[in-house]
1. Could you give each residue of segment A:90-103 its phi-based ³J(HN,Hα) in whole Hz, using Karplus coefficients 6.51, -1.76, 1.60 with θ = phi - 60°, and x for Gly or Pro?
2. Kindly give the semi-axes, whole Å and largest first, of the ellipsoid equivalent to segment C:38-94, taking each as the square root of 5 times a Cα gyration tensor eigenvalue.
3. Determine how many Å³ per residue the convex hull of the Cα atoms of chain C encloses.
4. Return the single residue from B:Lys58, B:Lys13, B:Lys70 with maximal mean-square fluctuation; model: Gaussian network over chain B, springs between Cα atoms under 10 Å.
5. In a GNM of chain A with a 10 Å cut-off on Cα contacts, which of A:Ala333, A:Ala228, A:Ala308 has the highest mean-square fluctuation?
6. For a test of the definition: using alpha carbon positions, the gyration tensor, and the 1.5 limit on a/c, classify the protein assembly as shown as rounded, prolate or oblate.
7. Counting other Cβ atoms within 10 Å, keep those with at most 10, restrict to DSSP loop, and tell me which trypsin sites (Lys or Arg not before Pro) in segment A:214-317 are left.
8. Cα convex hull of chain A: how many Å³ per residue?
Amino acid sequence: MSSRVFITGTGIISAIGNNVEETYAALLKKKSGIGKLENFSTRHRDHLAVGEIKEPDDLLKVRLGVNSSSRLSRTAMLGMIAAREALASAGISNIKQFRTGIISATSVGGMGIAENHFTQYLDPDDDNEFLDYINTLDCSDSTERIADFLGITDYLSTISTACSSSANSIMFGARMIKLGLVDRVIAGGTDSLSRFTVNGFMSLKILDNEPCKPFDANRKGLNLGEGAGYIVLESENASRGKNIVCELTGYGNVNDAYHQTASSPEGKGAFAAMQKAFAVNGISPQQVDYINAHGTGTEVNDLSEGLAIQKLFGAAIPPLSSTKAFTGHTLAAAGGIEAVLSILAMQHDTIFPNLNFSEAMPETGIVPVQSVINKKINTVLSNSFGFGGNTSSLLFSCAQL
Amino acid sequence: MNITLDELIEQLKTDIIEQLNLADIKREDFQADTPLFGTGLGLDSIDSLEISVLLERKYKVKITNSQEGKKVFQSLRTIAEYIQANQK
Amino acid sequence: MKAYIRGTGVISPQLTFNCTHFPDDIRESDTNLLRCIEPSYLDFLNPVMARRMGRVIKMGIASALICMKNARLDMPDAIITGTALGCLGDTEKFLKAIIADDEQFLTPTSFIQSIQNSVSAQIALHLNCTGHNFTFAHKGFSFESALRDALMLLEEGEAQNVLVGGIDEMTDHNYFFYDKLGLWKKEKINSSRLLQSDSPGTIGGEGSAFFVLNKNKSEDDYAILAGVKTIYNPESAGALHITISEFLKDNGLGRENIDLVLYGFNGDSRSDHWFTFVKENVFMNSGAGYFKHLCGEYQTSGSFAMWLAALCLKEGKVPPVIQWGKQKSEQLNHVLIYNKYGNNHSLLLLKKSS
């Protein structure tokens with residue numbers, strides 16, 4: 001058992017960088033990764049603004065050092081890249097030294113490749129050349145590819161709760177450590193763009209065909225993104241003598257129970273999730289130095305999240321920003337990616353800007369941070385709210401050792 | 001297409017029942033002036049997206065924004081009137 | 001970590017719905033596919049609510065509601081679902097629409113329903129339950145991970161009652177794809193002959209099984225869930241043996257304490273050697289049973305097995321139709337489920353609730 005859970009490593013890949021260092025540089029330069037879709041064709045290409053990783057699949061294989069003929073989905077490869085970085089940054093060279101698990105997350109797994117062959121799969125006379133890609137549709141596929149790549153066997157699982165998935169992976173991993181079931185966990189998530197998700201979000205009419213404007217009065221919707229983000233969580237015992245990056249000091253998951261896709265107008269679920277996170281260690285809202293908001297840029301989310309934040313923090317709302325105008329909304333990977341960004345903010349005492357903001361919503365008047373600001377950050381709140389009312393919040397703090 | 005408003009309302013009712021899978025609803029609960037959203041039939045925002053696609057695909061009329069949608073989607077009659085006014 | 005199984009609700013290819021005893025009338029199949037016997041969903045859901053729900057969501061809600069009624073519970077503190085494939089029917093529907101209409105005129109319903117956590121979400125919406133709500137989607141570990149989460153919540157004191165379930169459907173398309181992948185037997189067999197069939201492949205199945213797990217004992221409990229273990233890709237039969245022994249030891253038991261082992265034997269000659277090994281080398285002196293001739297092969301079949309094991313412990317007897325060989329002991333205090341799906345092996349330990 002471990003009463004405390006420390007973070008010892010982080011790894012990330014997204015539209016703004018292939019690793020932590022590149023990501024940090026882009027954030028400082030306010031260099032967004034939102035642009036035109038290039039890697040696959042869709043009727044909607046000209047009407048989309050996405051956070052796409054420009055490297056096509058064969059270059060990802062080179063980056064990973066795997067055979068060009070290997071049948072890996074893009075989702076698995078992005079996960080392998082980020083998880084590998086996290087493990088290396090945690091200084092883990094002997095995976096068997098402690099009981100190690102992986103809790104990953106994804107929403108559509110290998111859909112990006114399987115959807116291209118769906119018609120062939122339905123054809124009884126097809127030569128089945130691409131049949132094994134069907135297995136990549138399984139959410140477990142990317143988790144097991146990452147586990148095999150890194151040599152993890154002790155505990156594997158995959159969570160899929162839409163946009164809160166990898167925040168949930170992180171809190172599940174932490175709870176397992178606290179209960180003494182494992183000593184360390186690589187936790188996070190991965191997702192890649194696909195025609196399935198592009199068309200799905202288009203049918204919901206919540207996409208912006210320009211770069212999104214989180215918390216802005218004239219926001220029109222979100223930009224889809226892709227990527228992967230993982231953090232290494234360790235028990236007190238397993239992390240002894242290591243470089244501790246920070247500590248996971250709070251977490252909470254609730255269900256909004258309002259609607260399948262929309263949050264309750266007054267943000268009840270968001271409020272409850274944040275409260276639950278504070279209750280874990282009795283941290284008070286006044287201790288939060290920065291909020292990395294879910295802030296998708298949709299009319300509904302930003303309003304309900306904004307109202308919930310107002311209700312919780314009252315007049316003293318700490319500096320907040322959504323980083324989704326940099327990376328796009330990376331769906332199941334969002335919680336993991338934004339955990340890495342929240343931790344980066346704390347490591348460098350730097351708040352990253354909420355891009356494309358010009359006018360506050362009349363309902364809340366919240367003005368997010370719009371430039372790169374240096375500020376001592378001891379505690380960060382990171383929100384991830386998903387479809388199906390799945391609402392999660394995480395708290396990261398500097399570790400007092 | 002020269003059909004009366006009443007005929008269009010009936011056709012629309014059949015289409016909406018099919019599109020939204022409302023086959024188990026009693027016909028008396030779904031009349032020409034029954035409010036579709038809120039009280040009445042109790043449809044929601046996902047249903048309004050479904051109806052928008054139906055209008056575009058079958059009736060060739062487009063709803064340009066959600067404010068317009070709210071006005072048009074009040075009842076079968078208001079939708080039928082919108083179709084007749086805007087169909088090319 | 002342990003929990004009391006307070007209630008169950010099962011939709012399966014057997015007459016298990018709203019049934020508190022093991023059914024006398026056993027259903028079989030000659031088509032290499034066991035399909036669920038489903039209730040009338042409009043008995044649980046009003047038409048406006050049910051209209052856009054895919055089949056798997058209706059199965060999930062119905063079995064969850066019956067389970068709560070069985071447990072005499074109005075509101076759970078948490079809802080956790082394990083589902084490997086989620087709302088497959090809706091995923092296929094949306095994908096086919098994208099292809100058929102070349103990405104035009106797409107409606108959102110099947111996209112929204114295809115989201116993996118739709119079952120957990122819809123149950124929460126139906127009950128207005130704002131508690132912890134997780135969905136695990138990891139092949140043969142989906143249900144077992146959900147159980148793990150439930151046990152953790154009870155141990156943490158975060159919940160008194162957890163509604164936890166395993167659910168997967170076998171759509172026609174998916175059955176066809178798995179056929180191409182060589183999962184099913186080439187020859188048609190009767191499901192009752194699964195144990196005797198010695199050929200590659202198995203038969204398909206599906207189901208939804210929900211449970212209420214409670215922290216505290218009561219008079220009406222089915223059994224105790226005493227332990228869960230997931231084993232990824234064991235290196236060898238020997239390694240598996242060691243893992244099983246350690247699992248039992250962690251629970252203060254040896255193999256001699258296990259009265260019955262329920263094996264996830266699925267009739268596939270390419271992989272059933274794992275079960276044969278464990279039966280002949282680890283639990284030679286325990287009673288043996290099998291269950292996939294009743295529910296078919298699917299990723300969350302462990303949930304059906306758990307229902308079966310719980311019922312055996314509650315009734316103090318093992319239905320002849322699941323017995324594999326002679327019953328070894330009169331008493332039934334400890335039942336172990338050893339199941340697998342592909343390289344995902346799992347152990348569930350259940351105990352009599354005295």
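The numbers here are math on the coordinates, done by the rules we state, and not lab data. Computed from a predicted structure; not experimentally measured. Because the Cβ atoms are built from the backbone with ideal geometry, glycine has one as well, and the counts that use them run over all protein chains shown.
1. Going residue by residue, I get 7, x, 8, 10, 10, 5, 8, 5, 9, 5, 10, x, 10, 10 Hz, with x marking Gly and Pro.
2. Working: eigenvalues 93, 48, 17 Å².
The answer is 22, 16, 9 Å, longest axis first.
3. Working: hull volume 47.3 nm³, N = 354.
Given the Cα convex hull of chain C, per-residue volume reads 134 Å³.
4. B:Lys58
5. Judging by the Gaussian network model, the answer is A:Ala308.
6. Numbers: a/c = 1.59, a/b = 1.17, b/c = 1.35.
Cα axes put the protein assembly as shown in the oblate bin.
7. On the way: sites: A:Arg219, A:Lys220, A:Arg240, A:Lys242, A:Lys268, A:Lys276, A:Lys311; in loops: A:Arg219, A:Lys220, A:Arg240, A:Lys242.
Listed in order of number, the matching sites are A:Arg240.
8. Values: hull volume 51.1 nm³, N = 401.
For chain A, the hull spanned by Cα atoms encloses 127 Å³ per residue.
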